[in-house]
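Trainee: Supplied in structure tokens, the structure appears directly below.
The values are calculated or read from the model by the stated rules, or taken from the named source; none is laboratory data. Quick caveat: nothing in here was measured; it's all calculated off a predicted structure. Note that each Cβ is placed from the backbone with ideal geometry, even for glycine, and that neighbours are counted across all protein chains shown. Protein only, heavy atoms only, side chains kept; ligands, DNA and RNA dropped before computing areas. Shrake-Rupley method; radii C 1.70, N 1.55, O 1.52, S 1.80 Å.
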Amino acid sequence: MASDRIGRVPLIRAGLLLTLASGILILLYPSGLPLLVFRGVEGLGAGLFVSAALAWANSHPSSGQISGYVMAAQNLGLVVGLLAAGWLDVAFGSHLAGIALFTALTVPALAMSVTIRESGHGGFARADLPAIVRNYFWLFTAAAVLVGMTGAIAAIYPEYTGSDPSLLALQLATINIATIVAVLIAPRITLRPVPTIQVSSILMAGAILAGYVTPYALPVIGGLAGVIIVAILAFLAETKIQQGAMAGLFNTATYAGFTFLAAFAGLVAGEFSFLTAFLLLAGMAAVMAFTISGCQCEYRG
């Protein structure tokens with residue numbers, strides 16, 4: 001919401017500055033209470049950057065493709081973080097090696113942010129947060145459940161399979177790789193957002209059930225999550241409501257999904273069984289195909 005008032009670019013730069021500062025401080029104080037505090041600062045930096053960058057992209061005239069690039073880059077970072085950090089840990093014998101790499105990569109990113117200029121805000125209606133939450137509740141719920149599903153699967157899959165960590169890293173990386181491919185391709189295809197979300201929800205449920213028996217279902221889950229991300233962002237752009245608030249709520253919903261669905265899946269798997277966890281996750285995905293139709297969503301474009 002702040003990006004709607006003061007602009008996206010200052011928050012993008014502030015997020016990168018906080019990321020750089022927190023990375024340096026974590027390297028200097030890698031344990032105890034300081035670590036928790038600086039991780040919190042790092043999270044603030046990430047939140048500022050991701051929401052402001054996505055608001056910038058979704059306000060652009062070519063919002064579909066630009067937002068796809070942003071989400072592809074974000075998922076690429078997740079893949080590299082997963083694989084490179086583990087490899088560097090083994091190579092250098094220190095879990096701080098990955099943090100050092102990404103802290104160093106923040107420097108050129110911060111330097112390049114000088115070239116960013118504000119995207120146009122014209123034609124977007126002022127955001128009324130209570131009205132947005134009320135009217136688009138089921139859209140953001142679908143974002144939380146369907147995008148957060150990738151985090152839930154990643155949370156329980158290692159313990160479920162008990163496979164070698166290096167193999168698991170590659171298998172889980174296929175989720176994000178498939179998401180990258182999907183968010184780059186899907187904007188180039190004309191899709192109606194709500195029917196796309198409904199169909200993808202049903203397919204997601206089937207892919208989750210398949211994930212119980214084969215790791216080849218993981219990239220399917222990631223690809224469907226990418227299609228859903230593109231569909232939701234396209235819908236948000238078409239509302240012609242200030243995209244800072246809309247993108248912020250989208251990010252809030254997806255991160256809430258990552259957090260709470262992962263915890264829920266782990267709790268169910270621990271208290272009952274992994275099969276029960278997979279079944280419940282699949283059921284939640286399928287339900288989104290029906291609840292999204294109850295969204296009082298409106299287009300203004």
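Trainee: Using a simple charge model, +1 on the beta-carbon of Lys and Arg, -1 on the beta-carbon of Asp and Glu, nothing else, what dipole does the chain show about its Cα centre, in debye to the nearest 20?
Mentor: Magnitude of the dipole: close to 760 debye.
Trainee: Amide H to amide H, which residues 5 or more places from Ile241 or on other chains are under 5 Å from it, using H placed in the peptide plane?
Mentor: Here the answer is Ala125, since their amide H atoms fall under 5 Å of that of Ile241.
Trainee: Spin-label point model (7 Å from Cα, Cβ direction): what's the Thr161 to Ala84 distance in nm?
Mentor: That separation, rounded to one decimal, is 2.3 nm.
Trainee: What are the equivalent ellipsoid semi-axes of segment 207-271, built from the alpha-carbon gyration tensor (square roots of five times its eigenvalues), in whole angstrom, biggest first?
Mentor: With the √(5λ) rule applied to segment 207-271, the semi-axes are 29, 17, 6 Å.
Trainee: Using label points projected 7 Å from each Cα along Cα→Cβ, tell me how many nm separate Leu275 and Phe260, to one decimal.
Mentor: 2.9 nm
Trainee: For the chain, build the charge dipole from Cβ charges (+1 Lys, Arg; -1 Asp, Glu) around the Cα centre, then report which of Gly148, Met246, Ala21 sits farthest towards its positive end.
Mentor: In the chain, that residue is Met246.
Trainee: So, one more: Sorted from largest down, what three extents in whole angstroms do the Cα atoms of the chain have along their principal axes?
Mentor: 53, 44, 34
Trainee: Over segment 181-229, what percent of the accessible surface lies on carbon and sulfur atoms, probe 1.4 Å?
Mentor: Whole-percent figure for carbon plus sulfur exposure: 73.
Trainee: Residues of segment 62-78 with amide nitrogen under 11 Å from the 7 Å Cα-to-Cβ point of Leu105?
Mentor: Of the residues in segment 62-78, 73-78 have backbone N under 11 Å from the label point off Leu105.
Trainee: Contact order normalised by length for segment 189-279, with contacts defined as Cα pairs under 8 Å and 6 or more residues apart; what percent is it?
Mentor: 27 percent
Trainee: Enumerate by residue number the chymotrypsin sites (Phe, Trp or Tyr not before Pro) in segment 168-239 meeting two conditions: DSSP loop (anything except H, G, I, E, B), and at most 14 other Cβ atoms within 10 Å of the site's Cβ.
Mentor: In loop regions of segment 168-239 (DSSP not H, G, I, E or B), the sparsely surrounded chymotrypsin sites (Phe, Trp or Tyr not before Pro) are Tyr216.
Trainee: Counting heavy atoms of the protein chains only and a 1.4 Å probe, report the per residue accessible area for segment 92-231 as a whole number of Å².
Mentor: Per-residue value: 47 Å².
Trainee: Could you tell me what % of all Cα pairs in segment 1-114 have separations over 25 Å?
Mentor: 26 percent
Trainee: If one puts a single equal scatterer on every Cα of segment 234-299 and applies the Debye formula without solvent, what log₁₀ I(q)/I(0) results at q = 0.12, 0.20 Å⁻¹?
Mentor: -0.45, -0.91
Trainee: Per residue of segment 161-167, in order, report the coupling 6.51 cos²θ - 1.76 cosθ + 1.60 (Karplus, θ = phi - 60°) as ³J(HN,Hα) in whole Hz, putting x for Gly and Pro.
Mentor: Going residue by residue, I get 7, x, 6, 4, x, 5, 5 Hz, with x marking Gly and Pro.
Trainee: Sorting His95, His60 by accessible area (1.4 Å probe), largest first, what list results?
Mentor: From most exposed to least exposed: His95, His60.
Trainee: Whole number please: convex hull volume per residue, Cα atoms of segment 129-294, in Å³.
Mentor: Here the figure is 106 Å³ per residue.
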